[in-house]
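Contents: one structure, followed by commentary.
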Amino acid sequence: MPKLYSGPIIDAHHHLWDIGVDRHPWLTPRSEERTGLGDLTPLRRNYLPDDYRRDAASQNVVATVHVEAGWASEDCIGETRWLETLDKTRGIAERYVAHVPLASSDAPALIEAQASFPRVVGVRDILSWHPDPAKSFAVRGDIIDDSNWRAGLKRLAAHDLVFDLMVFPGQLGDAARLARDFPEQVFVLNHCGSPIDRDAEGMRIWRDGLTKLGRAPNVCIKISDLVAYDHDWTLESLRPIVLHCFRSFGTARAMFASDFPVAGLYASFNAVFDAFKEITGDFSIDEQTAIFFGNANRTYRLGKA
């Protein structure tokens with residue numbers, strides 16, 4: 001019989017927001033619907049530490065990593081300052097992946113400012129571009145090769161900041177090249193590489209791209225929000241996605257994460273983590289501990305015993 005994981009969990013990717021501060025333009029009723037995620041109405045409410053605690057109450061979450069949540073780009077330090085005001089007694093948002101627009105002329109100063117907060121351990125600047133404009137997060141498909149953007153990225157390693165890499169499958173080859181060009185930079189691929197195109201060709205592009213990116217030793221993967229592009233998911237529809245992530249990256253460079261509350265559009269917190277536990281039930285206890293706890297603990301410098 002499989003032995004399901006029951007140890008401590010570090011949730012390596014989730015978001016918090018207060019609608020009242022009016023700093024998340026993508027969550028306003030006047031915003032456009034976002035890239036295949038569906039109706040965002042359920043997300044247009046506060047999501048604060050107490051809300052996260054309620055959703056995760058049945059799981060043994062001991063610490064979490066907050067990833068930038070689309071705060072107004074011109075005030076990216078504002079999100080970090082806001083996070084600093086929140087209750088940390090239960091380990092929620094114990095570390096942050098902050099936003100910096102790396103191509104900006106202000107990027108050097110913004111990186112310095114973000115790095116001055118001890119809880120900031122990484123940066124995300126979303127690159128996800130798709131030929132269908134309705135699916136794109138990024139405004140251009142060539143940002144990854146922009147010299148100014150790369151100059152900003154180059155500054156992260158000196159501050160020991162990881163880069164959370166969010167791309168679509170058609171960009172995974174470019175991401176592999178980026179990882180080779182910046183061997184001293186640690187990258188963490190978000191959401192399994194976002195397999196958004198679910199036809200046979202789209203999934204082939206995703207599988208091949210993930211295999212290629214997985215060969216870069218300085219890249220880790222977050223297995224998170226699998227339901228974003230599989231709204232009618234089942235355990236058996238998630239299983240091949242998760243297992244291909246492990247085939248590509250192994251268990252030493254992979255970590256589980258919730259992406260709540262966004263994943264909550266299509267699954268409960270328990271459903272997400274119970275699926276992860278079921279899929280990895282045949283893994284060794286050391287492998288399970290690594291992917292639920294140890295790899296995130298090391299990558300995001302949480303220092304948990």
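Does the stretch 205-228 hold any residues that are assigned to a helix (DSSP H, G or I) and either out of contact with any helix residue (DSSP H, G or I) (no Cβ under 9 Å at 6 or more places or on another chain) or β-branched (Val, Ile, Thr) (or both), and which are they?
Restricting attention to the stretch 205-228, the residues satisfying the condition of being assigned to a helix (DSSP H, G or I) are 205-214, 226-228.
Listed by number, the residues that qualify are Ile205, Thr211, Val227.
In the list Gly20, Gly7, which residue meets the criterion of being in contact (Cβ under 8 Å) with a residue 40 or more places away in the chain and small (Gly, Ala, Ser)?
Values: Gly20 fails: in contact (Cβ under 8 Å) with a residue 40 or more places away in the chain.
Checking each option against the conditions leaves just Gly7.
So, in the stretch 81-113, how many residues would count as being out of contact with any helix residue (DSSP H, G or I) (no Cβ under 6 Å at 6 or more places or on another chain), of a type in the set (Gly, Ala, Ser) and assigned to a loop (DSSP other than H, G, I, E, B)?
So the count comes out to 3.
Looking at the stretch 144-169, which of its residues are under 19 Å from the mean Cα position of the chain (by Cα), crowded, with 18+ Cβ neighbours inside 10 Å and either in a helix (DSSP H, G or I) or not aromatic (Phe, Trp, Tyr) (or both)?
Matches in the stretch 144-169: Ile144, Leu153, Leu156, Leu161, Val162, Asp164, Leu165, Met166, Val167, Pro169.
What residue, of Ser284, Ser268, is under 20 Å from Pro2 (Cα atoms) and polar (S, T, N, Q)?
Details: Ser268 fails: under 20 Å from Pro2 (Cα atoms).
Result of the check over Ser284, Ser268: Ser284.
Residues checked against (1) surrounded by 20 or more Cβ atoms within 10 Å (Cβ to Cβ); (2) of a type outside the set (Asp, Glu); (3) within 20 Å of Leu127 (Cβ to Cβ):
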| position | (1), (2), (3) |
| --- | --- |
| Phe182 | no, yes, yes |
| Leu213 | yes, yes, yes |
| Val227 | yes, yes, no |
| Trp233 | no, yes, no |
| Arg239 | no, yes, no |
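I need a count of the residues in the stretch 35-80 that are of a type in the set (Lys, Arg) and either part of a helix (DSSP H, G or I) or crowded, with 17+ Cβ neighbours inside 10 Å (or both). Spell out the reasoning first.
Filtering the stretch 35-80 down to residues of a type in the set (Lys, Arg) leaves 44-45, 53-54.
When the remaining residues are screened for being either part of a helix (DSSP H, G or I) or crowded, with 17+ Cβ neighbours inside 10 Å (or both), the result is 53-54.
Adding up the residues that qualify gives 2.
Every number here is computed from the coordinates shown, using simple stated rules; none is lab data. Note that the coordinates shown come from a computational prediction; the quantities given were computed from them, not determined experimentally. As a convention, Cβ positions derive from the backbone with ideal geometry for all residues, glycine included, and neighbour counts pool all protein chains shown.
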